[in-house]
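J.: The structure under discussion is supplied below as structure tokens; questions concerning it will follow.
The values are calculated or read from the model by the stated rules, or taken from the named source; none is laboratory data. This one's a predicted model, so the numbers in the text were calculated from it and none came from an experiment. A quick note on method: Cβ atoms are made from the backbone with ideal geometry, for glycine too, and the neighbour counts reach across all protein chains shown.
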Amino acid sequence: MKAVKTSMRKFSGLLAPIALALAASGAASATEMVYYPVNPSFGGSPLNGPWLLSSAQAQSKHTDPAADDRFGLEQKTPLESFNESLERAVLNRLASVASAQLAGPDGRLQPGMVETGNFVIDIIDLGGGVLQITTTDKALGTSTSFQVGQ
């Protein structure tokens, strides 16, 4: 029995500091937990927006398959660039010839119709110095029009 009393004293000697620690922690006051959102879309600080965006972009492994080239510019061969430049020059020349046919001796546009190989250009006087110019594609039948003041 003496052994039981000795072990009880050792146990109670250990139990006293534990009980004291538990009692002290019970005396400490607790505060309520408050949630503060991080995302500005849900009420967080607007200053978090750029940080969240850059974090998302850094983690994103998605690449757009249509974005092969840099800055949306196609890499063209010198031959393709030359052909595009030549096409623009020819179209500018045709536009100059067509506009010369549309203008009268005084340089002003005259109502009437002009046909080229692929287009029909129709100029209608709407009155008040306003002309409506309609260009029709002969092959497709589509047309576009705009108004211009004299």
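J.: With the condition kept exactly as written, say whether any residue in the stretch 110-118 is touching a helix residue (DSSP H, G or I) at 6+ places or on another chain (Cβ under 9 Å) and assigned to a strand (DSSP E or B).
T.: Yes, the conditions are met somewhere in the stretch 110-118.
Matching residues to (1) hydroxyl-bearing (S, T, Y); (2) part of a strand (DSSP E or B); (3) in contact (Cβ under 8 Å) with a residue 12 or more places away in the chain:
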| position | (1), (2), (3) |
| --- | --- |
| L79 | no, no, no |
| L126 | no, yes, yes |
| G141 | no, no, no |
| T144 | yes, yes, no |
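J.: Here is a list of conditions, (1) at pLDDT below 80; (2) more than 17 Å from Q147 (Cα to Cα); (3) polar (S, T, N, Q), and S81 meets all of them except one; can you say which number that is?
T.: (1)
J.: Scanning the stretch 93-136 for residues that are among the charged types (D, E, K, R) and surrounded by 12 or more Cβ atoms within 10 Å (Cβ to Cβ), which turns out farthest from G149 (Cα to Cα)?
T.: Pass one, the stretch 93-136, residues among the charged types (D, E, K, R): 93, 106, 108, 115, 122, 125.
In the following step, the residues that additionally are surrounded by 12 or more Cβ atoms within 10 Å (Cβ to Cβ) were identified as 115, 122, 125.
Values: E115: 22, D122: 15, D125: 10 Å.
Here the residue is E115.
J.: Could you please give the count of residues in the stretch 104-124 that are over 18 Å from L91 (Cα atoms) and either under 42 Å from the mean Cα position of the chain (by Cα) or touching a residue at least 24 places away in the same chain (Cβ under 8 Å) (or both)? Walk me through how you get there before you give the answer.
T.: The initial filter retains those residues of the stretch 104-124 that are over 18 Å from L91 (Cα atoms), namely 104-113, 122-124.
So of that shortlist, the ones also either under 42 Å from the mean Cα position of the chain (by Cα) or touching a residue at least 24 places away in the same chain (Cβ under 8 Å) (or both) come out as 108-109, 122-124.
Residues meeting the conditions: 5.
J.: Additional query: Does Q57 meet the test of being free of Cβ contacts under 8 Å to residues at least 12 places away in the same chain, assigned to a loop (DSSP other than H, G, I, E, B), loosely packed, with under 10 Cβ neighbours inside 10 Å and of a type in the set (S, T, N, Q)?
T.: In short, no.
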